[in-house]
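> Here it is, the structure, as structure tokens.
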Amino acid sequence: MSAVTIDSATGCLVIGGAKIFPIGLSEAPAPDGQTRDGRNAWAEVSGAGVNFVRSGLHDWSLAQVDAQIAAERTRMDAAGLHGMYCWPRLGNAGNLPAAAGSTQEQLLIKIANGLKTHAALGAWKGVDEPAWGGVAADGLVRARTKLRTVDTDHPVVITQAPLGTTASLTPYRPAFDITGADIYPVAYPPGQHSDLPNKDISVVGDMTKKMVTVAGGKPVWMTLQIAWSGITPGQQHPEIVPRFPTLLEERLMAYQAIVNGARGLIFFGGQLTQVMRSRDAQLGWNWTFWDLVLRPLLVELTSPSVLPALMAPAAGAVSASASDVQVATRQAGSTLYVIAVRTSGATSRVTLSGLPPRQGGAALAAGQVLFEYAQDPLPPPIKPGSQQFRYVQVSSGSFKDWFGPHDVHVYRFNLA
């Protein structure tokens, strides 16, 4: 068993001494599922960077709990085989009544004792969307307190709906170690999933900032859209038209969440077979969306070029000349990262200012734009033979770059 802790400088998880930026699926394909070309489903998703899968049950049964725990451990065995961690639901065991010895409390103790020693246990999932569901914070606080008497080595994560005020969500703070919200802005019409006034896809950033305030210094994981009920037509709502995020939109949502404070990302809705192609529906998971959108994004996020930026602490304060460009600055060792996202549909050339000099005081001359390619000779101090990413020239701590609608650029600067 590896204790799972939270890095105080970044909010990332630390498992077995290694810092982790959680990237999860909710729901994941079946452990023994297959891709469209017959490969193992979990080998495919883990190979692209997924390291967490939501698991567990909504309703645990005291009469069947031993068998349920055994089934969960089998799932965790499969996750561990593929280098992933499970995020099991506590479900009905995550909300305890005031009276001691309740069925829920007995379940919670059994679940914790049955799973806490498994090496693939990453975190516990508390009651889902409790504020929207009318579940008071007190019972969740009691559950976390009781859980701590059995297992002190795994954090509790509570995800809220994208509804309610900061004041209405803050009372849940003692019930979690990590919080966040789900936010699915892509639908016809857009923006109905949230009660925030922003109906643009950039509402993801607004919701992330809100949850950072709610968290009060604790980490935030944001749950982003593959599919959701707002794009799934049926007999009750035949007027609904299925609509999925494009790669550009999914990339914006991911990076905007990160820029605004998310230290983990979960992707929901790959299991909603009613809006899949027939072959995907037969396989039980949306492999078309995976191939076109999610896999390319995760390969980028978990690449050796970008991943260090996601796990690095904040550093400095680079700012943009355009009010609709949000910026996060991170530093890992002698490498400075600047992540910039445009929240509107404008197109313009933007100045980013506030870059520090190189170590020793020399002026910074250039930086790379990750996952944007140009095979021109690279200026110093970028080493010859390195990845041929496009570069920007820096003068007096500033540089200029074009930003299109909902554009994202990730910059890397060598300060050594």
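> Here is a list: Ala48, Ala9, Ala3. Which entry is under 19 Å from Trp87 (Cβ atoms), small (Gly, Ala, Ser) and out of contact with any helix residue (DSSP H, G or I) (no Cβ under 8 Å at 6 or more places or on another chain)?
Exactly one residue qualifies, and that residue is Ala3.
> Of everything in the range 234-260, what is of a type outside the set (S, T, N, Q) and without any contact (Cβ under 8 Å) to a residue 12 or more places away in the chain? Give them in sequence order.
His237, Pro238, Glu239
> I want to confirm something. Restricting to the range 341-369 and keeping residues that are closer than 10 Å to Leu415 by Cβ and over 29 Å from the mean Cα position of the chain (by Cα), which single residue is surrounded by the most Cβ atoms within 10 Å (Cβ to Cβ)?
Ranking the candidates gives Leu364 first.
> Assess whether Ser55 counts as being hydroxyl-bearing (Ser, Thr, Tyr), free of Cβ contacts under 8 Å to residues at least 60 places away in the same chain and within 14 Å of Gly122 (Cα to Cα). Please lay out each step first, then the result.
Values: hydroxyl-bearing (Ser, Thr, Tyr): yes; free of Cβ contacts under 8 Å to residues at least 60 places away in the same chain: yes; within 14 Å of Gly122 (Cα to Cα): yes.
Spelling it out, Ser55 is indeed hydroxyl-bearing (Ser, Thr, Tyr), free of Cβ contacts under 8 Å to residues at least 60 places away in the same chain and within 14 Å of Gly122 (Cα to Cα).
> Next question, about the same structure. Take the range 171-192 and flag every residue that is touching an Asp or Glu at 6+ places or on another chain (Cβ under 8 Å), part of a loop (DSSP other than H, G, I, E, B) and not hydrophobic (A, V, I, L, M, F, W, C).
At the first step, the residues of the range 171-192 found to be touching an Asp or Glu at 6+ places or on another chain (Cβ under 8 Å) are 182, 185-186, 190-191.
With part of a loop (DSSP other than H, G, I, E, B) added as a condition, the list becomes 185-186, 190-191.
Within the range 171-192, Pro185, Pro190, Gly191 qualify.
> Of a type outside the set (Ser, Thr, Tyr), open to solvent by less than 10 Å² (accessible area, probe 1.4 Å) and touching a strand residue (DSSP E or B) at 6+ places or on another chain (Cβ under 6 Å): does that describe Pro22?
In short, yes.
> Residues being polar (S, T, N, Q), under 22 Å from Ala227 (Cβ atoms) and not in a strand (DSSP E or B): count how many of those fall in the range 1-49.
2
> Only residues that are part of a helix (DSSP H, G or I), under 30 Å from Ala136 (Cβ atoms), open to solvent by 10 Å² or more (accessible area, probe 1.4 Å) and out of contact with any strand residue (DSSP E or B) (no Cβ under 7 Å at 6 or more places or on another chain): list them for the range 70-97, please.
Selection gives Asn92 alone.
> Further question: Only residues that are in a loop (DSSP other than H, G, I, E, B) and open to solvent by less than 60 Å² (accessible area, probe 1.4 Å): list them for the range 193-212, please. It would help to see each step written out before you state the result.
So in the range 193-212, the residues in a loop (DSSP other than H, G, I, E, B) come out as 193-202.
Passing the criteria: His193, Ser194, Leu196, Asn198, Asp200, Ile201, Ser202.
> Inside the range 214-240, can you point out the residues that are part of a loop (DSSP other than H, G, I, E, B), modelled with pLDDT of 95 or more and of a type in the set (A, V, I, L, M)?
Of everything in the range 214-240, those that are part of a loop (DSSP other than H, G, I, E, B), modelled with pLDDT of 95 or more and of a type in the set (A, V, I, L, M) turn out to be Ile226, Ala227.
> Which of the following residues is among the hydrophobic types (A, V, I, L, M, F, W, C) and open to solvent by 40 Å² or more (accessible area, probe 1.4 Å): Val241, Val259?
None of the others qualify; the one that does is Val241.
> If you scan the range 213-238, which residues turn out to be over 21 Å from the mean Cα position of the chain (by Cα) and loosely packed, with under 15 Cβ neighbours inside 10 Å?
Residues satisfying the conditions are Pro233, Gly234, Gln235, Gln236, His237, Pro238.
The values are calculated or read from the model by the stated rules, or taken from the named source; none is laboratory data. It should be emphasised that the depicted structure is a prediction, and the values quoted were computed from it without experimental measurement. Glycine gets a Cβ as well: all are built from the backbone with ideal geometry, and neighbour counts include every protein chain shown. Please note that ligands, DNA and RNA were not included when accessible areas were found on the heavy atoms of the full protein model with its side chains. Shrake-Rupley method; radii C 1.70, N 1.55, O 1.52, S 1.80 Å.
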